[in-house]
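> Handing you a structure now.
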Amino acid sequence: MLAPLAAVRIERVFQAASSARALALRWPQGSRTIARGSPFGETVDDCEAALRAQGIGDSPG
């Protein structure tokens, strides 16, 4: 286990050489990029909404 879900936050992060954002999960000991957007219209919005609907990433930070 990397971290309890209560400790996980969702963040939008910059991608190198792209104007689109990526979606990352962060916890006290690390992070992981889980989705990458495209500058041609494909965003990480749906992925973020699905995670938040399950209560992931809503921890105070």
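> Send over a whole-number figure in Å² for the accessible area per residue of the chain, probe 1.4 Å. Could the numbers behind the result be given before it?
On the way: 4270 Å² over 61 residues.
Per-residue value: 70 Å².
> Given an 8 Å cut-off on Cα distances and at least 6 residues of separation, report the relative contact order of region 9-51 as a percent. Working shown, then result.
On the way: 69 pairs, mean separation 13.4, N = 43.
31 percent.
> Could you work out [θ]222 nm for the chain from helices alone, using -39500 (n - 2.57) per DSSP H run of at least four and dividing by all its residues? Round to the nearest 500 deg cm²/dmol.
Numbers: 1 runs with 9 residues, N = 61.
So the helix-based figure for the chain works out to -4000 deg cm²/dmol.
> Taking all protein chains in place and a 1.4 Å probe, what share, in percent, of the accessible surface of the chain do carbon and sulfur account for? Please list the in-between numbers first.
Numbers: 2300 of 4270 Å².
Exposed carbon and sulfur together represent 54 percent of the surface.
The values are calculated or read from the model by the stated rules, or taken from the named source; none is laboratory data. These figures come from a predicted structure and were not determined experimentally. Just so you know, the surface numbers come from the protein's heavy atoms only, side chains and all, with ligands and any DNA or RNA stripped out. Shrake-Rupley method; radii C 1.70, N 1.55, O 1.52, S 1.80 Å.
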